[in-house]
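Student: Below you'll find the structure I mean.
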Amino acid sequence: LFQQLVESLVRVPSVNGDSEAQFGTFLRGHLDARLGKSVVRLEVADSRQRPSFISLKPGASRDWIVLLGHYDTVGVSDYGALADLAFEPVRLREALKSDPRLTKRDREDIKDDRFIWGRGALDMKAGVALLAETVRELADHAPASLALVLVPDEEGDSSGIRTALPVLLQEIQDRGGRVAGVIKTDFTEDTGVVYAGTTGKLLLNAFVRGVSGHAGKPEAAISAASVLADLEAALRSFARITPPPACLHLQTLTGKYSTQIPSEGWMFVNLMIREERPQDILEDTLEVVRAGVGKKYDLPVVLLGFGSSEPAGDDPRRESLAAVRKTATEPGIYLYLTPPFYAPMSADFSRETRLGRAVRRSIQDWNRNRTGHRASLKPFYPYISDLSFFYSDEGTANFIQKHCPVSLDFRPLMSAKERVPVFDIGPFGMGAHRWTERVDIADAELRVKVLLKNTILCYYEG
Ligand SMILES: [Zn+2]
């Protein structure tokens, strides 16, 4: 039973940075049992011995569809006293029934047998089970060339996809093939939605050097605290991108108490990018900062460029700050980038490819005969995703690296002419990354399975 399959995957913890290697052993056994002999099995481990699994089902077509999933989950501290039950779907559900923290919606869902509760059920062990079952069921389909890629560390630094992707591309190339597109089965909290493309992200940093002065004479100083506060407000109202920029960190660099007005400050801001070019977003941001803040304090606003970059250590944000602080000796607002960078993958491009047409046809067919949630196609998977690593725009990647003092560790592995469409066709559920995480197993088994399989059949059968 599909439900039991998903529950068995949930029962073995795979918390990011903690229990992924042990789960890897379990997943290897699961794949051995579910996938037939005709599927070629490869493994590659990252520097922390966490395995990525690549399973190749060669077909007559030279077009390979990559089926991508991550098997790691976030931690369980948010479950509080119920943390011990986070990997026990049945017992957790029983315990949650009397939990006073549940919302009205939670209380309705907990009575409904269609939901499996527990850490990873939604994000994304139901998706992992679906992918493996799809490859199993299509093992004898002559034309289809499928590559199932299951990786760790998607909730961390994406080391899984980074180590797996070069091996995958080489294997496909050795077979005379090419990547036709990528389908991930990560979750949606928006009923029935399938996504084309994925959201990217830049981490914009600002180092502020003001003018120090005595607290008794603030008019003679330029306080880094005031500049940072205005920067935060100016960037937050920058309406060109959705969602708007979000400040993740902001501090003055004084350290201890003194009556001196702080002259140095630092912040970093999340910039989500979609169809826009990162170059244009940075240029526009520069204008917003110049007009809104630079003018007010009569400070120059500089986008820093770097000739070479140091390899990043454990804290690339602080390492970058140390480098910038040394060189930015004059008063000013200095903008630069730091890791991580997630590349945006175009929704428009994805939609209009052959795989995009197969996805749309599969959605139409489902809606005509559906026995569950209505399906629809929307632009941009809304969360950070490993789909970003199928990026092929070297020019943009180089531009971003140029403004980053440490190595971004982001190198397009695809050449520009190999630009691929990406999609997310995942199950519906609620509470991802929260203690109310649950997946609609009926939706996964019906809608998602049918959409996924029909997309592949549509692609290869015309
Ligand atoms: Zn996920």
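None of the figures in this text is laboratory data; all of them are computed from the coordinates on show. In this text the structure is predicted, and so the values were computed from the model without any measurement. Cβ placement follows ideal geometry from the backbone for every residue including glycine, while neighbour counts extend to all protein chains displayed.
Student: Determine how many Å³ per residue the convex hull of the Cα atoms of the stretch 1-87 encloses.
Tutor: 122 Å³
Student: Work out the P(r) tail for the stretch 341-462: percent of alpha carbon pairs separated by more than 26 Å, whole number.
Tutor: The calculated P(r) of the stretch 341-462 puts 34 percent of pairs beyond 26 Å.
Student: Counting alpha carbon pairs within less than 8 Å and at least 6 residues apart, what relative contact order, in whole percent, applies to the chain?
Tutor: The normalised contact order for the chain reaches 22 percent.
Student: Can you show me the helix-derived [θ] at 222 nm for the chain, built from DSSP H runs with n ≥ 4 at -39,500 (n - 2.57) apiece and divided by the number of residues, rounded to the nearest 500.
Tutor: Result for the chain: -10000 deg cm²/dmol, rounded to the nearest 500.
Student: Normalise the Cα radius of gyration of the stretch 390-452 by 2.2 N^0.38 Å (N = residues in it) and let me know the number.
Tutor: Relative to the 2.2 N^0.38 Å estimate, the stretch 390-452 comes out at 1.73.
Student: Out of ALA95, ALA81, ASN369, whose Cα points farthest toward the positive end of the dipole of the chain (charges: +1 Lys, Arg; -1 Asp, Glu; placed on Cβ)?
Tutor: After comparing all options, I get ASN369.
Student: Tell me which of SER14, GLY356, THR199 sits at the most positive position along the dipole axis of the chain, charges placed on C-beta atoms (Lys, Arg +1; Asp, Glu -1).
Tutor: Toward the positive end, the furthest listed residue is GLY356.
Student: Placing +1 on the Cβ of each Lys and Arg and -1 on the Cβ of each Asp and Glu in the stretch 91-191, which of LEU169, PHE187, LEU148 has its Cα farthest towards the positive end of the resulting dipole?
Tutor: PHE187
Student: Additional query: What number do you get for the stretch 43-109 when its Cα radius of gyration is normalised by 2.2 N^0.38 Å, N = residues?
Tutor: So the stretch 43-109 has a normalised radius of gyration of 1.79.
Student: Also: Can you quote the Å³ per residue value for the convex hull of the Cα atoms in the stretch 1-47, rounded to an integer?
Tutor: 78 Å³
Student: Same structure, new question: Could you let me know the centre-to-centre spacing of the stretch 264-335 and the stretch 195-237, using Cα atoms, in angstrom?
Tutor: Between the Cα centre of the stretch 264-335 and that of the stretch 195-237, the gap is 10 Å.
Student: Also: Using unit Cβ charges (K, R positive; D, E negative) and no other charged atoms, how large, in debye to the nearest 20, is the dipole of the chain about its Cα centre?
Tutor: It comes to approximately 680 debye.
Student: Another one. Jot down the radius of gyration and Dmax of the chain, Cα atoms only, both in angstrom.
Tutor: Answer for the chain, Rg first and Dmax second: 24.1, 81 Å.
Student: Lysine pairs in the stretch 1-128 with Cα distance under 26 Å, only those 8 or more apart or on different chains: how many are there?
Tutor: Lysine pairs, 8 or more places apart or on different chains, close enough: 7.
Student: Something else about it: Rg and Dmax of the stretch 112-173 over Cα atoms: what are they, in angstrom?
Tutor: Taking only Cα atoms of the stretch 112-173, I get Rg and Dmax of 14.8, 47 Å.
Student: What is the log10 of I(q)/I(0) for the stretch 316-376, computed with the Debye formula using one identical point scatterer on each Cα and no solvent, at q = 0.13 Å⁻¹?
Tutor: -0.60
Student: Hey, another quick one. Would you kindly calculate the translational diffusion coefficient of the stretch 176-251, applying Stokes-Einstein with the Kirkwood radius from alpha carbon pairs, for 37 °C and a viscosity of 0.692 mPa s, and quote it in µm² s⁻¹ without decimals?
Tutor: 192 µm²/s
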